[in-house]
Amino acid sequence: MKDKSKKSFDGLLIQVLGRPFSRQLTKILVKTNITANQVTFISIFLALVASYFFSLGDYTSLIIGAIIFKIAYIFDLSDGELARYKNQASNFGAWFDDFGDRIRESTSIFALSIGLYSLTENSFILILGTIAVINLFLVGYIKSPTLAKVQTEAEVKLFGYYLGWTETTVYITLLGVVLNQVQYVLWFFVVIGFLAWLKKFHSIYKSHRNN
């Protein structure tokens, strides 16, 4: 039987660190009455819970948040797999999944900035967090299929392997949290996030300028 859990264009990080976990979850969920959209809702809820722990700032809370954050991401991968298995794919489901990604990214990053601010009382941290969230929203908006139905050239690659922006944000966040280097996570999304949406915009412009 064809493996419906895998998209035709999975990034390297998803293949190595995501799908092995989400496939096991999907095998369980496919035997239940739960829908793909309900799985997306669970993913969003877990991401919000993770963000709460991130906002506390102490290392124990960060680790708890990281574990929940990873579980939320596994559910996020599983919703698409479940939709393909149960033939529940829809335009709303695709939008809801994308909406969930934006919620997870923005709340987690800003929560990390709140947590770091609570420890340092440096208001510049909140400015970094705000800029990082704006960059993430711009990347998400520009790559949205409602804006441009093209595959841009602005994805993250490593040794020629496609990584994908969404999973890159997830694992950069997790790495920074586990290493207790939240400030570098914020700087990553301030600098690399800006370059990412700028490159995506340029890629889309080149694809459409003659249309």
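The values are calculated or read from the model by the stated rules, or taken from the named source; none is laboratory data. Note that the structure is predicted; figures quoted are calculated from it, not measured. All Cβ positions, even for glycine, are placed from backbone atoms using ideal geometry, and neighbour counts span all protein chains on display.
Quick one: ASN122 ticks every box in (1) part of a helix (DSSP H, G or I); (2) more than 14 Å from the chain's Cα centre (by Cα); (3) surrounded by fewer than 23 Cβ atoms within 10 Å (Cβ to Cβ) except a single one, so which number is it?
Going through (1) part of a helix (DSSP H, G or I); (2) more than 14 Å from the chain's Cα centre (by Cα); (3) surrounded by fewer than 23 Cβ atoms within 10 Å (Cβ to Cβ) one by one, ASN122 breaks only (1).
Filter segment 78-110 for residues that are closer than 26 Å to PHE189 by Cα, among the hydrophobic types (A, V, I, L, M, F, W, C) and surrounded by fewer than 24 Cβ atoms within 10 Å (Cβ to Cβ) and give the result.
ALA94, TRP95, PHE96, PHE99, ILE103, PHE110
Write out, first by first residue and then by second, each pair whose Cβ atoms fall under 6 Å of each other, whose residues are 6+ apart or on separate chains, and whose first residue, in segment 27-46, is closer than 27 Å to SER106 by Cα while the second is of a type in the set (A, V, I, L, M) and outside any helix (DSSP H, G or I).
Listed by first residue and then by second, the contacts come to nothing, as the list is empty.
Based on this model, can you work out whether ILE68 counts as among the hydrophobic types (A, V, I, L, M, F, W, C), part of a helix (DSSP H, G or I) and loosely packed, with under 15 Cβ neighbours inside 10 Å? Steps first, please.
Numbers: among the hydrophobic types (A, V, I, L, M, F, W, C): yes; part of a helix (DSSP H, G or I): yes; loosely packed, with under 15 Cβ neighbours inside 10 Å: no.
The answer is no for ILE68.
Among the listed residues ASN180, ASN210, which satisfies the condition of being part of a loop (DSSP other than H, G, I, E, B) and modelled with pLDDT of 90 or more? Break it down into steps so the answer makes sense when it comes.
Values: ASN210 fails: modelled with pLDDT of 90 or more.
ASN180 is the lone residue from the list that is part of a loop (DSSP other than H, G, I, E, B) and modelled with pLDDT of 90 or more.
Given the options ALA83, ALA94, ALA89, ALA72, name the one that is at pLDDT below 90 and under 20 Å from TRP165 (Cα atoms). Give the derivation first.
Values: ALA83 fails: under 20 Å from TRP165 (Cα atoms); ALA89 fails: under 20 Å from TRP165 (Cα atoms); ALA72 fails: at pLDDT below 90.
ALA94 is the lone residue from the list that is at pLDDT below 90 and under 20 Å from TRP165 (Cα atoms).
If I go through segment 21-58 residue by residue, how many of them are outside any helix (DSSP H, G or I) and of a type in the set (Ser, Thr, Tyr)? Steps first, please.
First pass over segment 21-58, keeping only residues outside any helix (DSSP H, G or I): 30-35, 57-58.
From the residues that got through so far, the ones that are of a type in the set (Ser, Thr, Tyr) too are 32, 35.
Result for segment 21-58: 2.
For segment 105-143, what are the residues that are in contact with an Asp or Glu (Cβ under 7 Å, 6 or more places away or on another chain) and closer than 26 Å to SER61 by Cβ? Outline the logic, then answer.
Taking segment 105-143 first, the residues in contact with an Asp or Glu (Cβ under 7 Å, 6 or more places away or on another chain) are 136, 140.
Scanning segment 105-143 gives a single hit, LEU136.
Considering only segment 179-206, how many residues are within 14 Å of LEU116 (Cβ to Cβ), of a type in the set (A, V, I, L, M, F, W, C) and without any contact (Cβ under 8 Å) to a residue 60 or more places away in the chain? Can you show your working first?
Of all residues in segment 179-206, those within 14 Å of LEU116 (Cβ to Cβ) come to 179-190.
Then drop every residue that is not of a type in the set (A, V, I, L, M, F, W, C), which leaves 179, 182, 185-190.
Now narrow it down to the ones that are without any contact (Cβ under 8 Å) to a residue 60 or more places away in the chain: 179, 187-188.
Within segment 179-206, residues that are within 14 Å of LEU116 (Cβ to Cβ), of a type in the set (A, V, I, L, M, F, W, C) and without any contact (Cβ under 8 Å) to a residue 60 or more places away in the chain number 3.
Scanning for something farther than 23 Å from GLY193 by Cβ, touching a residue at least 24 places away in the same chain (Cβ under 8 Å) and in contact with a helix residue (DSSP H, G or I) (Cβ under 8 Å, 6 or more places away or on another chain), does segment 99-110 turn up at least one residue? Can you show your working first?
Our first condition is that a residue be farther than 23 Å from GLY193 by Cβ; within segment 99-110, this holds for none.
There is no residue in segment 99-110 that is farther than 23 Å from GLY193 by Cβ, touching a residue at least 24 places away in the same chain (Cβ under 8 Å) and in contact with a helix residue (DSSP H, G or I) (Cβ under 8 Å, 6 or more places away or on another chain).
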